[in-house]
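Trainee: Please find one structure pasted underneath; my questions will follow.
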Protein chains: 2
Amino acid sequence: MDGGIGDISTPGRIAGPAEGVSPEELALAARNHGLLLEALRYDVTPPGLHYVLVHYDIPYADADTWQLTVDGRVRTALTLDLATLRSFPAVTHRVTMECAGNGRALLDPRPVSQPWLVEGVGTAEWTGVPLRTLLLAEAGVEPDAVEAVFTGADHGVERGVEQDYQRSLPLADALGRDPEVLVAYEMNGAPLPPQHGHPLRLVVPGWYGMAHVKWLRSITLTATPFTGFQQQVAYRYRQSAQEAGDPVTRIAPRALMIPPGFPDFMSRTRVVRPGRLLLEGRAWSGRAPVTRVEVSTDDGHGWYEAELAPAVGHGWAWRRWRAPWTATPGHHVLSVRATDAGGATQPLTQPWNRGGFANNLVQRVDVFCPEED
Amino acid sequence: MDGGIGDISTPGRIAGPAEGVSPEELALAARNHGLLLEALRYDVTPPGLHYVLVHYDIPYADADTWQLTVDGRVRTALTLDLATLRSFPAVTHRVTMECAGNGRALLDPRPVSQPWLVEGVGTAEWTGVPLRTLLLAEAGVEPDAVEAVFTGADHGVERGVEQDYQRSLPLADALGRDPEVLVAYEMNGAPLPPQHGHPLRLVVPGWYGMAHVKWLRSITLTATPFTGFQQQVAYRYRQSAQEAGDPVTRIAPRALMIPPGFPDFMSRTRVVRPGRLLLEGRAWSGRAPVTRVEVSTDDGHGWYEAELAPAVGHGWAWRRWRAPWTATPGHHVLSVRATDAGGATQPLTQPWNRGGFANNLVQRVDVFCPEED
């Protein structure tokens, strides 16, 4: 024993060829909850089915004594309790949130971390105070402020660094009107559950989950860019460990399908009866509105257009899509891909990076259609 | 392709030596939710933190049109809607529920199925109608009835057998007063969430989760024992694939610890400061009341008594325990074990069976205590 934290907290690594999922990855999968894909049927994900990713532990939080501080490059530093935050005009946004690591465990080679397949996603109605209200109307922003740094109450060690979870946003994003960043205290009309940040969290519509700091304790405006672990070390797109990499920010386009028919327990392969059925699911992008959804029923060789439900005023939430399919006896691989107004389309070959971020490779759903009886 | 279901649904198997967790096991871990162990702090598990195991898919269920039939060896067959069920006198029981497969992925060799470590557990307040009321007061039991068969709405294939999920109880258990079996429509004072059986499920206090049939559609009294897949093929204690095996029924004693200190993200190893701290957690048994909880801080060599909170009228729910520990610099393995009034104690060597059921091997929590700064 060397007596140091490095004993128990090692650098990130890439799994070796044919290396199965490790006990450490399994322990993370057992803690962090994915969306059961049949729950894509709901516009708003029911309680307990939204994905959950907790870096360290859920901290104990007492809403009655919780305080949020706003300080740094502000005119007036603030200390706000929940009652005060609830006294400001509230807004509610429906937001599709996705973990930046969604799709990681499908990469080859596999970055060793939380091993999501495709289920690290969910949609909720978040209610709270616009961050803009707190910063502009209440605290006042000093002219030299460039970023807002958000600190959560969850404490742990990551890659050798002991830390409270912290992330920053550029000031322009923190003060933006669309998307509008919230300091949220309700999820789907109820107080935040412990695992979603009780009693207070940040919600940054369109951004991957790492930006939505939970158990929010402080907001500090800074005159220089934040260089903390989660900003400069984690959550960067890198091909090699040495490069600085680009920051992970907004959600890449993705569509997912409700797996049709019924499953085999162990393989999760789907069974459908021969005949016509309706494929359906959801599509989203945090970068630009989804403009097109296509379906393939021959493992990505041919594609045809799905019907995309009209946008209904929830610009940062997923949209429903549907496409007919006539199942014939045999084995099939079904896929779906989204394209957004920025022209980005989900790739057919993996977009690999060392952190395993933003892998929006098209979903593949194995389906078996037996002969009619 | 042979055109048969056997193509996609294969027999149970045991992982080979040093075989990592397979993609199929990971897909199950990504769907089925475990308790985050820090949530052992709550008497009643908050929404979304209770374990979830869904054999097939969560079925779509409309509470307004849902019907429960009670038939077979009864005097009067019944068809009951939710409003009728809610019109009977309701009872509420606090119940600790645990998956029969909890602990499976720690077994060596590892049975390949849902790969729980220790987190397949949770406690909830369930409200509903005693099954006894429906069977005795409403339907009437024919003298030749021996079992009650419960059918859920979830449909799938398992080990080659297409099925609706079905389990039975001996009539004496179905009609028992303590534990009292419920047809439950509320969890923690709210309608059942989709993943917990909306709108109706069975609750069988003291039994492993497989008995608590979700999305309950029918109850059929039979004059002969039920021989369906989940009764005779799955959920049996077997050492070899050939033997009939004994049925999995009630929950073996177990204690779990809230992992102390704070974690490393990837290894989940805990970090604690040197000095005195309080270890705490929960203990339960579905076989007899827990009478003793002991803690070890030296990887199971020495044990000392924990303080067990008094029973408070919730005989089928976990009880809190506490034990002091003075952390010293170095690496430590903490464990806890429960003993029940039947004399059963958690084992220090794995209780192996092919299905990986009821593995209540003591929990091991790796802790690192750095030197004081």
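Trainee: Here are the criteria: (1) away from chain B (no Cβ under 12 Å); (2) without any contact (Cβ under 8 Å) to a residue 60 or more places away in the chain; (3) assigned to a strand (DSSP E or B); (4) not acidic (Asp, Glu). Tell me which single one A:Ala338 does not satisfy.
Mentor: Only one criterion is unmet by A:Ala338, namely (2).
Trainee: Show the residue pairs meeting these rules: Cβ distance below 6 Å; 6+ apart or different chains; first residue within region A:173-192 and at positive phi; second residue of a type in the set (D, E, K, R) and modelled with pLDDT of 95 or more.
Mentor: A:Asn188/A:Glu125
Trainee: For A:Ala29, all conditions in the list (1) under 30 Å from B:Arg110 (Cβ atoms); (2) assigned to a loop (DSSP other than H, G, I, E, B); (3) at pLDDT 95 or above hold save one; what is the number of the exception?
Mentor: (2)
Trainee: Which one of A:Thr69, A:Thr92, A:Thr127 is assigned by TED's automatic domain parsing to the domain that holds A:Thr224, more than 25 Å from the chain's Cα centre (by Cα), of a type in the set (Ser, Thr, Tyr) and more than 30 Å from A:Gln350 (Cα to Cα)? Talk me through it step by step, then tell me what you get.
Mentor: Values: A:Thr92 fails: more than 25 Å from the chain's Cα centre (by Cα); A:Thr127 fails: more than 25 Å from the chain's Cα centre (by Cα).
After ruling out the rest, the residue left standing is A:Thr69.
Trainee: Within region A:353-373, track down each residue that is open to solvent by 50 Å² or more (accessible area, probe 1.4 Å) and touching a residue at least 12 places away in the same chain (Cβ under 8 Å). Steps first, answer last, please.
Mentor: Filtering region A:353-373 down to residues open to solvent by 50 Å² or more (accessible area, probe 1.4 Å) leaves A:354, A:364, A:366, A:371-373.
Scanning region A:353-373 gives A:Arg354, A:Arg364, A:Asp366, A:Glu371, A:Glu372.
Trainee: Further question on the same structure: State all residues of region A:275-293 that are of a type outside the set (Gly, Ala, Ser) and either more than 27 Å from A:Glu371 (Cα to Cα) or without any contact (Cβ under 8 Å) to a residue 24 or more places away in the chain (or both); if no residue qualifies, say none.
Mentor: Within region A:275-293, the first condition is being of a type outside the set (Gly, Ala, Ser), and the residues that meet it are A:276-280, A:282, A:284, A:287, A:289-293.
Passing the criteria: A:Arg282, A:Trp284, A:Arg287, A:Pro289, A:Val290, A:Thr291, A:Arg292, A:Val293.
Trainee: Something else now. Can you tell me how many residues in region A:357-373 are more than 10 Å from chain B (Cβ to nearest Cβ) and modelled with pLDDT of 95 or more? So that I can check it myself, show each step before the final result.
Mentor: Start the filter on region A:357-373 by keeping residues that are more than 10 Å from chain B (Cβ to nearest Cβ), which leaves A:357-365, A:372-373.
From what is left, the residues that are modelled with pLDDT of 95 or more are A:357-365.
The total comes to 9.
Trainee: For the subset of region A:22-47 comprising residues that are within 7 Å of chain B (Cβ to nearest Cβ) and over 22 Å from A:Arg268 (Cα atoms), which member is farthest from the chain's Cα centre (by Cα)?
Mentor: If we take residues in region A:22-47 being within 7 Å of chain B (Cβ to nearest Cβ) and over 22 Å from A:Arg268 (Cα atoms), then A:Glu24 is farthest from the chain's Cα centre (by Cα).
Trainee: Kindly provide the set of residues from region B:48-74 that are hydroxyl-bearing (Ser, Thr, Tyr) and within 14 Å of chain A (Cβ to nearest Cβ), ordered by number.
Mentor: First, pick out the residues of region B:48-74 that are hydroxyl-bearing (Ser, Thr, Tyr): B:51, B:56, B:60, B:65, B:69.
Once the filter is applied, which keeps residues that are hydroxyl-bearing (Ser, Thr, Tyr) and within 14 Å of chain A (Cβ to nearest Cβ), region B:48-74 yields B:Tyr51, B:Tyr56, B:Tyr60.
Trainee: What is the one condition in (1) open to solvent by 10 Å² or more (accessible area, probe 1.4 Å); (2) under 21 Å from the mean Cα position of the chain (by Cα) that B:Asp144 does not satisfy?
Mentor: (2)
Trainee: Look through region B:5-21, keep the residues that are open to solvent by less than 20 Å² (accessible area, probe 1.4 Å) and either under 23 Å from A:Cys369 (Cβ atoms) or in a loop (DSSP other than H, G, I, E, B) (or both), and return whichever of them is farthest from the other protein chains (Cβ to nearest Cβ). Step through it out loud before you land on a result.
Mentor: Of the residues in region B:5-21, the ones open to solvent by less than 20 Å² (accessible area, probe 1.4 Å) are B:8-9, B:15, B:21.
Retained after the next criterion (residues that are either under 23 Å from A:Cys369 (Cβ atoms) or in a loop (DSSP other than H, G, I, E, B) (or both)): B:8-9, B:15.
Details: B:Ile8: 4, B:Ser9: 4, B:Ala15: 9 Å.
Only one residue tops the list, namely B:Ala15.
Trainee: All but one of (1) out of contact with any Lys or Arg (no Cβ under 6 Å at 6 or more places or on another chain); (2) buried (at least 21 other Cβ atoms within 10 Å of the Cβ); (3) part of a loop (DSSP other than H, G, I, E, B) hold for A:Gly286; which doesn't?
Mentor: In the conditions (1) out of contact with any Lys or Arg (no Cβ under 6 Å at 6 or more places or on another chain); (2) buried (at least 21 other Cβ atoms within 10 Å of the Cβ); (3) part of a loop (DSSP other than H, G, I, E, B), A:Gly286 misses (1) alone.
Trainee: Which residue pairs have Cβ atoms under 6 Å apart, sit 6 or more places apart or on different chains, and have a first residue in region B:81-98 that is among the acidic types (Asp, Glu) and a second that is in a strand (DSSP E or B)?
Mentor: As it stands, the answer is B:Asp81/B:Gln67; B:Glu98/B:Val121, since those pairs meet every condition given.
Trainee: Taking strands (runs of 3 or more DSSP E) that fall entirely within region B:32-113, which contain at least 3 residues that are β-branched (Val, Ile, Thr)? So that I can check it myself, show each step before the final result.
Mentor: Details: elements: B:67-72, B:78-81, B:91-98.
Those strands (runs of 3 or more DSSP E) span B:91-98.
Trainee: Pairs, please: C-beta under 8 Å, at least 6 apart or cross-chain, first residue without any contact (Cβ under 8 Å) to a residue 24 or more places away in the chain and in region A:50-74, second surrounded by fewer than 21 Cβ atoms within 10 Å (Cβ to Cβ) and in a strand (DSSP E or B)?
Mentor: A:Thr65/A:Asp81
The values are calculated or read from the model by the stated rules, or taken from the named source; none is laboratory data. What you see is a predicted model; the values in this text were computed from it and never measured. Cβ sites come from the backbone with ideal geometry, for glycine too, and all protein chains shown count toward neighbours. These accessible areas exclude ligands, DNA and RNA; they are computed on the full protein's heavy atoms, side chains included. Shrake-Rupley method; radii C 1.70, N 1.55, O 1.52, S 1.80 Å.
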